[in-house]
Amino acid sequence: MNAIGTALLALSLGLALPAQANPSTLTGAISVAQVVDLIQRSPQDNAARNAAMAYLAGVGETTGLLVAEAGQRSSVSIACARPLGISSSAALAALSRADKGTWDKTAATPILVEDMLSRAGCG
C-alpha cells in the first residue's frame, strides 16, 4: 500500500482526527470532566495515565507543601491525623460527588484538596 492509500485508510478509520478533549472551566482551571476522563481512560491509554498521574501527583505534593509551609509561617498550626495522599480511585470518588451536569464548569483541584485534607483529618 502506498502513502496515499495509507493516509486514506487512516482518515476513513478516523485515526487522523484529533480526539475531542473535555474543556477547561471558563477561568481556565482543570475541570472535573477533564480529570475524570483522564482517570477513566488511563487503563487503556498511556498518555491519559501519564497526564492523570502527573496532575494528581502535583495536586498531592503541592497540598502537602502548602500545609507544611502554612504551619511554619503562621500562628495557626495545621495538624493532620493521617498522611496526606491521593490516588486515582480516591480522586474519582471525590470528583464523582460533584454534580455531573456541571463537571465541565467545575474546577477539580479545590475538590481534590478538600478531599485530601478531610481524609487526612487535617484541622
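The values are calculated or read from the model by the stated rules, or taken from the named source; none is laboratory data. Small disclaimer: the values here were computed from a predicted structure and weren't measured. For neighbour counting, all protein chains shown are included, and Cβ atoms are generated from backbone atoms with ideal geometry for every residue, glycine included.
If you scan segment 79-101, which residues turn out to be free of Cβ contacts under 8 Å to residues at least 40 places away in the same chain, among the hydroxyl-bearing types (Ser, Thr, Tyr) and assigned to a helix (DSSP H, G or I)?
The one that is free of Cβ contacts under 8 Å to residues at least 40 places away in the same chain, among the hydroxyl-bearing types (Ser, Thr, Tyr) and assigned to a helix (DSSP H, G or I): SER89.
I'm told GLY71 meets every condition in (1) out of contact with any Leu (no Cβ under 6 Å at 6 or more places or on another chain); (2) modelled with pLDDT of 95 or more except one. Can you identify the failing condition by its number?
So the condition that GLY71 fails would be (2).
Would segment 1-21 turn up any residue that is modelled with pLDDT of 80 or more, under 15 Å from the mean Cα position of the chain (by Cα) and assigned to a loop (DSSP other than H, G, I, E, B)?
No: segment 1-21 contains no residue that is modelled with pLDDT of 80 or more, under 15 Å from the mean Cα position of the chain (by Cα) and assigned to a loop (DSSP other than H, G, I, E, B).
Quick check: anything in segment 110-118 farther than 17 Å from GLN40 by Cα and touching a residue at least 60 places away in the same chain (Cβ under 8 Å)?
Looking through segment 110-118, at least one residue is farther than 17 Å from GLN40 by Cα and touching a residue at least 60 places away in the same chain (Cβ under 8 Å).
Do you know which of the residues in segment 58-78 that are under 18 Å from the mean Cα position of the chain (by Cα) and in contact (Cβ under 8 Å) with a residue 24 or more places away in the chain is nearest to VAL32 (Cα to Cα)?
VAL59
In segment 28-40, what count of residues is obtained for those that are at pLDDT below 95 and surrounded by fewer than 16 Cβ atoms within 10 Å (Cβ to Cβ)?
Here the count works out to 2.
Quick one: would you say THR25 is touching a strand residue (DSSP E or B) at 6+ places or on another chain (Cβ under 9 Å) and at pLDDT below 95?
For THR25, the condition - touching a strand residue (DSSP E or B) at 6+ places or on another chain (Cβ under 9 Å) and at pLDDT below 95 - is met.
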